[in-house]
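The values are calculated or read from the model by the stated rules, or taken from the named source; none is laboratory data. Keep in mind the model is a prediction, meaning the values are calculated, not measured. Counting neighbours? That spans all protein chains shown, and the Cβs are built from the backbone with ideal geometry, glycine included. Ligands, DNA and RNA are excluded from the accessible area calculation, which covers all protein heavy atoms including side chains. Shrake-Rupley method; radii C 1.70, N 1.55, O 1.52, S 1.80 Å.
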Amino acid sequence: MLIELPFWPQQASTVAGSVDVLSIFLTLVASFFSFLIFLLIFFFAIRFRRRPGLTATPVPTRLSLEVLWTAVPLGLTAVMFTWGSGLYLHNQQDPPGAMNIYVVGKQWMWTVEHLEGRREIGELHVPAGRPVKLILASQDVIHDFFIPAFRVKQDVVPGRYTTLWFEATRIGSYRLVCAQYCGTRHSGMIGNVVVMEPQDYQNWLANGADDPPAKAGERLFRTFSCAGCHELQATQKGPPLIGMYGKSVRMESGETVAFDDAYIRESILNPNEKVVEGYRPIMPTFRNQLNEDEIFQIIAYIRSLGAGDAKP
Amino acid sequence: MTHANVPENYLNASWGWRSWLLTRDHKRIALLYLISITLFFIVGGFFALLIRLELLTPAGDLVQAETYNKLFTMHGLIMIFFFLIPSIPSVLGNFLIPLMIGARDLAFPKLNLLSWYIYIIGGVFTLAAVVTGGVDTGWTFYTPYSSTYANSNVILTALGIFITGFSSILTGLNFIVTIHKMRAPGLTWLRLPLFIWAHYATSLIMVLGTPVLAISITLILLERSFHSGIFDPKLGGDPLLFQHLFWFYSHPAVYIMILPGMGVVSEIVTCYSRKKIFGYTFVALSSLAIAALGFLVWGHHMFVSGASPFAGMVFSMLSFLVAIPSGIKVFNWTATLYKGSISFDAPMLYALGFIGLFTIGGLTGLFLATLAVDVHVHDTYFVIAHFHYIMVGGAVMAYFGGIHFWWPKITGRLYPEVWARIAALIVFIGFNLTFFPQFLLGYLGMPRRYHAYPEEFQVWNVMSTAGASILGLGYLIPIIYLLWSLRYGRVATENPWNAMGLEWQTPSPPPESNFAATPIVTEEAYSYDIHT
């Protein structure tokens with residue numbers, strides 16, 4: 001009976017192929033040097049095995065050899081470094097116009113919120129052939145969002161947003177796992193990425209959509225009386241929010257900060273760290289009152305108030 | 001065998017518990033370490049056995065998830081802090097450094113005994129944590145899981161590691177001073193055995209790195225006890241700060257574990273090929289290069305942590321650089337075999353095994369240094385396979401090779417050669433069968449620290465577990481015949497392997513004072529060509 005031995009993972013994203021090519025290159029180099037060393041050891045072991053009539057012959061150190069086996073590995077690792085870093089920088093840079101999806105990791109599940117209103121747990125539906133950028137937050141400990149078939153992985157760190165982008169190339173369902181040990185049921189923090197035809201994805205989104213997060217965010221905005229200071233127009237207490245998303249804003253300290261997801265999150269949790277020029281540090285913190293999902297919703301609401309000119 | 005005709009040596013010079021527990025003789029302290037680390041090795045190995053049994057099937061059916069998490073945590077902690085780090089330095093280093101440099105003892109004999117007691121106290125704390133419920137943070141103690149969320153014995157365990165660290169610092173300090181100040185007349189730096197160079201480099205890391213581990217652990221203790229808010233973002237801290245601090249020690253710690261093994265291999269390869277080492281200066285200085293560069297590569301554990309891509313590139317480049325001196329060693333050992341007169345006694349089998357497995361371990365490290373590839377294999381079984389090739393295929397093979405090589409010197413008895421060769425082969429085969437499939441598992445995407453796993457990974461896991469049982473047998477056989485040899489082994493002469501080095505110029509076992517008269521050194525190390 002033939003047992004099927006899995007040797008190579010599926011390739012289902014635009015970067016998977018190029019990562020595999022580099023891995024194959026590394027495997028070839030590693031195999032070459034492993035076999036070189038093994039063969040030399042075997043050859044010497046047999047040729048120079050101790051036996052009557054054979055004595056060891058002194059061999060003086062040869063500088064040329066030392067230089068050779070310093071320089072050749074140095075050159076090869078320089079190639080690996082350049083290739084690996086170049087590909088990494090390319091793979092890290094999310095292409096313009098990527099659709100955003102918000103993901104929260106918590107012990108021990110992934111919750112996903114699509115801007116159109118569909119929410120899911122343990123599954124992530126995405127369209128094929130379109131760049132998708134995930135904005136990742138953790139509610140508790142460090143998790144890691146890993147899709148082996150896409151060759152992408154990113155730690156999800158509490159206290160900050162990290163991002164991960166990919167463009168799926170093949171329709172299908174792929175495993176999504178937590179790769180950073182996060183406690184008792186770490187190995188159960190596992191799910192699926194479902195890659196769909198763009199049209200199917202649109203249908204799926206429309207089907208069973210909840211209120212879009214912007215709507216939920218608007219409710220939170222009212223419940224927590226944010227509007228009291230952040231009237232949608234400029235007031236004296238808090239800076240305006242309409243048309244601000246993605247703009248560059250000058251702070252009291254003189255620095256310029258992008259009015260993006262990370263800044264809005266920071267301003268909700270740690271409001272007086274970076275105060276917009278012309279305003280006083282009077283906003284209270286909402287730490288311990290809002291969870292990561294709710295913060296996403298408020299960001300989605302502010303986002304829905306219109307984007308500024310700069311790229312989000 | 002009567003005791004009457006055994007000359008006085010360090011073993012029979014005095015009798016009774018006090019003569020051992022209060023000894024200041026580096027050779028006796030080495031034996032205290034040998035016994036204690038062997039016990040820890042058995043405990044850590046038992047945990048590994050349970051891990052492999054659980055992973056035989058995809059479902060988490062042997063133990064509960066919580067128990068599994070404690071098993072891999074305690075396997076890591078015990079093997080790293082209580083076996084690998086002290087293994088070669090505290091046993092072989094302790095025993096051999098004074099003998100190899102022609103000294104009577106280490107520079108600070110009482111400090112040497114103190115460091116064993118500190119090690120034992122740390123061990124008692126950690127074992128107490130194990131028996132009172134265990135700890136489940138992973139040996140890496142990542143925050144904020146360890147500082148806020150874990151419900152296991154973090155404080156007791158961390159205290160144990162904290163305490164044990166001081167044992168390491170004192171041992172390192174003792175070695176550095178001894179090597180500087182107590183070399184026999186004529187034993188210049190460039191005549192030192194490479195075992196000494198390797199331990200010198202190791203000691204530098206122990207002294208400079210371990211305090212940072214102590215600081216990181218102290219901060220965890222503060223955070224857990226008083227919510228100091230250094231690491232947990234809910235308290236205003238930064239979880240990545242911990243990773244920087246932790247790896248600043250724990251990456252160099254890898255070199256604490258492997259450098260002494262490299263020293264052992266240099267001694268064995270030269271002896272069994274009857275050759276001077278090829279490229280002495282390059283092998284010696286590469287140890288120092290590894291120790292120095294090793295402090296600058298910690299960030300390669302954090303390529304996907306959310307640290308900046310620029311930092312990632314710098315750490316990637318430095319990580320490639322640290323591979324170069326390791327490569328130099330491998331090439332020089334191989335070249336040493338050329339035109340030798342090679343015999344395949346057990347120590348040599350372990351040393352050759354070391355070279356092969358360390359080569360694979362080192363070359364697979366290049367995958368992890370390559371940013372774009374690390375993104376895929378980080379935190380998967382690829383990493384597990386890689387570091388077990390270094391730690392077990394490298395460090396443990398060298399430790400076993402060294403124990404066999406110097407066994408006659410330490411005990412005055414020869415081990416049974418045939419059994420030893422069989423065991424070495426079993427270890428080599430079992431090791432590869434255990435860990436090679438894990439490279440494939442990792443690239444396929446099986447994450448580490450998984451209690452249960454998807455079914456498609458089972459074939460390779462079954463293979464790995466089968467290999468582990470062979471490996472376990474391979475470790476069991478030497479423990480049995482080495483104990484057997486203490487009573488029944490052939491009595492060893494002063495220099496049974498016809499080896500160079502001052503330790504072979506004194507009786508086996510050596511007298512308490514090591515040498516009847518201080519030796520005078522007139523030639524380079526490994527002058528096998530002059531004395532064939």
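How compact is chain A by the rule of thumb for globular proteins, expressed as Cα Rg over 2.2 N^0.38 Å?
Values: Rg = 27.0 Å, N = 312, 2.2 N^0.38 = 19.5 Å.
Dividing the Cα radius of gyration by 2.2 N^0.38 Å gives 1.39.
Would you please give the FRET efficiency between A:Ser248 and B:Ile215, computed as 1/(1 + (r/R0)^6) with r the Cβ-Cβ distance and R0 = 35 Å, to the nearest 0.05?
Details: r = 39 Å, r/R0 = 1.11.
Calculated transfer efficiency: 0.35.
At 7 Å along the Cα-to-beta-carbon direction for both B:Leu235 and A:Phe224, put a label point, then send me their distance in nm to one decimal.
Between B:Leu235 and A:Phe224, the label points sit 2.3 nm apart.
Hand me the trypsin sites (Lys or Arg not before Pro) from the range B:1-54 located in a DSSP loop with no more than 10 other Cβ atoms within 10 Å, in residue order please. Let's see the in-between values first.
Numbers: sites: B:Arg18, B:Arg24, B:Lys27, B:Arg28, B:Arg52; in loops: B:Arg24.
For trypsin sites (Lys or Arg not before Pro) across the range B:1-54 that sit outside H, G, I, E and B with at most 10 neighbouring Cβ atoms in 10 Å, the list is empty.
Calculate, in nm to one decimal, what A:Ile46 and A:Asn207 gain on full extension: separation in residues at 0.36 nm each, minus their alpha carbon distance. Don't skip to the answer; put the middle values down first.
Working: separation 161, 0.36 × 161 = 57.96 nm, distance 7.17 nm.
Taking 0.36 nm per residue and subtracting the Cα distance, the gain is 50.8 nm.
On average over all directions, what projected area in square nanometres does the range A:99-206 have, based on the convex hull of its Cα atoms?
Working: hull surface 23.3 nm².
That works out to 5.8 nm², a quarter of the Cα hull's surface.
Within chain A, which DSSP H helices have Cα atoms that stretch 20 Å or more along the helix axis and a mean Kyte-Doolittle hydropathy of at least -0.5?
Values: long enough: A:16-47 (45 Å, 2.15); A:63-92 (42 Å, 0.81).
Qualifying helices: A:16-47, A:63-92.
Can you give the accessible area per residue of the protein assembly as shown, in Å², using a 1.4 Å probe? Working shown, then result.
Values: 32270 Å² over 844 residues.
So the protein assembly as shown comes to 38 Å² accessible per residue, rounded to a whole number.
I'd like the per residue volume of the convex hull spanned by the Cα atoms of the range B:122-248, given in cubic angstrom. Intermediate results must be reported in sequence, preceding the final value.
On the way: hull volume 14.0 nm³, N = 127.
Convex hull of Cα atoms, per residue: 110 Å³.
Considering only protein heavy atoms and a 1.4 Å probe, what is the carbon-and-sulfur percentage of the accessible area of the range A:213-304?
Working: 2280 of 4700 Å².
The value for the range A:213-304 is 49 percent carbon and sulfur by accessible area.
For chain A, with a Gaussian network of springs between Cα atoms less than 10 Å apart, report the residue from A:Met251, A:Met196, A:Met99 with the top mean-square fluctuation.
Largest GNM mean-square fluctuation: A:Met251.
Roughly what percent of Cα-Cα pairs across the range A:66-115 reach past 17 Å?
Numbers: 794 of 1225 pairs.
Considering the range A:66-115, 65 percent of its Cα-Cα pairs are separated by more than 17 Å.
Could you pull the Rg and Dmax for the range B:1-134, using just the Cα atoms, both in Å?
My reading of the Cα-based Rg and Dmax gives 19.0, 62 Å.
Can you list, largest first and rounded to whole Å, the semi-axes you get for chain B by taking the square root of 5 times each eigenvalue of its Cα gyration tensor?
Working: eigenvalues 275, 125, 114 Å².
In descending order the semi-axes read 37, 25, 24 Å.
For a quick size check, give me the Cα extents of the protein assembly as shown along its three principal axes, largest first, whole Å.
99, 56, 51
Could you please state how large a percent of the accessible area of the range A:99-206 is carbon and sulfur, counting protein chains only and using a 1.4 Å probe? Could the numbers behind the result be given before it?
Working: 1450 of 3130 Å².
Exposed carbon and sulfur together represent 46 percent of the surface.
Note down the net charge around B:Lys329, summing +1 for each Lys or Arg and -1 for each Asp or Glu among other residues with Cβ under 15 Å from its Cβ. Before the final figure, lay out each step's value.
On the way: positive: none; negative: A:Glu66, B:Glu267.
It works out to a net charge of -2.
Which percent of the accessible heavy-atom area of the range B:17-505 goes to carbon and sulfur, probe 1.4 angstrom? Don't skip to the answer; put the middle values down first.
On the way: 10870 of 14780 Å².
Answer for the range B:17-505: carbon and sulfur cover 74 percent of the accessible area.
How far apart, in nanometres, would the label points at B:Phe226 and B:Thr493 be if each is projected 7 angstrom from Cα along the Cα-to-Cβ direction?
In this crude spin-label approximation the distance works out to 6.5 nm.
First select every other residue whose beta carbon is under 13 angstrom from the beta carbon of A:Asn272; then total the charges, Lys and Arg +1, Asp and Glu -1. Provide the component values of the computation, followed by the final result.
Details: positive: A:Lys274, A:Arg280, A:Arg287; negative: A:Glu252, A:Glu266, A:Glu273.
Neighbour charge sum, excluding A:Asn272 itself: 0.
Rg and Dmax of the range A:201-312 over Cα atoms: what are they, in angstrom?
When restricted to Cα atoms, the range A:201-312 yields Rg and Dmax of 14.5, 47 Å.
With just the Cα atoms defining each centre, how far is the range B:40-87 from the range B:375-423? Give it in Å.
A separation of 18 Å, based on Cα centres.
Where in chain B lies the longest segment free of GluC sites (Glu not before Pro) that are both loop residues by DSSP (not H, G, I, E, B) and have at most 16 other Cβ atoms within 10 Å?
Details: sites that count: B:Glu8, B:Glu494, B:Glu523, B:Glu524.
Here the longest segment lacking exposed loop sites spans B:9-493.
Would you mind working out the magnitude of the charge dipole of chain B relative to its Cα centre, with +1 at each Lys and Arg C-beta and -1 at each Asp and Glu C-beta, to the nearest 20 Debye? Could you put the intermediate results ahead of the total?
Working: 25 positive and 23 negative charges, 218 e Å.
I would put it at about 1040 debye.
Among all stretches of chain A without exposed GluC sites (Glu not before Pro) (DSSP loop, at most 10 other Cβ atoms within 10 Å), which one is longest?
Numbers: sites that count: A:Glu4, A:Glu255.
Result, exposed sites excluded: A:5-254.
Please give the total accessible area that chains A and B bury against each other, computed with a 1.4 Å probe and expressed in Å² to the nearest 100. Show your work: numbers first, answer last.
On the way: alone 18490 and 21110 Å², together 32270 Å².
Chains A and B together bury roughly 7300 Å² of accessible area.
Count charges around B:Ser152 for me, please; just the other residues with Cβ under 15 Å from its Cβ, Lys/Arg as +1, Asp/Glu as -1. Walk me through the intermediate numbers first.
Numbers: positive: A:Arg185, B:Lys70, B:Arg224, B:Arg449; negative: B:Glu66, B:Asp136.
Counting the neighbours of B:Ser152, the net charge comes to +2.
Between B:Arg104 and B:Thr57, 0.36 nm times their residue separation minus their Cα-Cα distance comes to what?
Numbers: separation 47, 0.36 × 47 = 16.92 nm, distance 5.49 nm.
11.4 nm is the gain from fully extending B:Arg104 to B:Thr57.
Take the alpha carbon atoms of the range B:343-358, find their center, do the same for the range A:74-148, and report the distance between the two centers in whole angstrom.
First find each Cα centre; the distance between them is then 44 Å.
Between the range B:113-141 and the range B:272-286, what is the separation of their alpha carbon centroids in Å?
A separation of 38 Å, based on Cα centres.
Compute the FRET efficiency between B:Leu486 and A:Leu65 as 1/(1 + (r/R0)^6), taking r as their Cβ-Cβ distance and R0 = 56 Å, and round to the nearest 0.05.
Numbers: r = 44 Å, r/R0 = 0.78.
The computed FRET efficiency comes out at 0.80.
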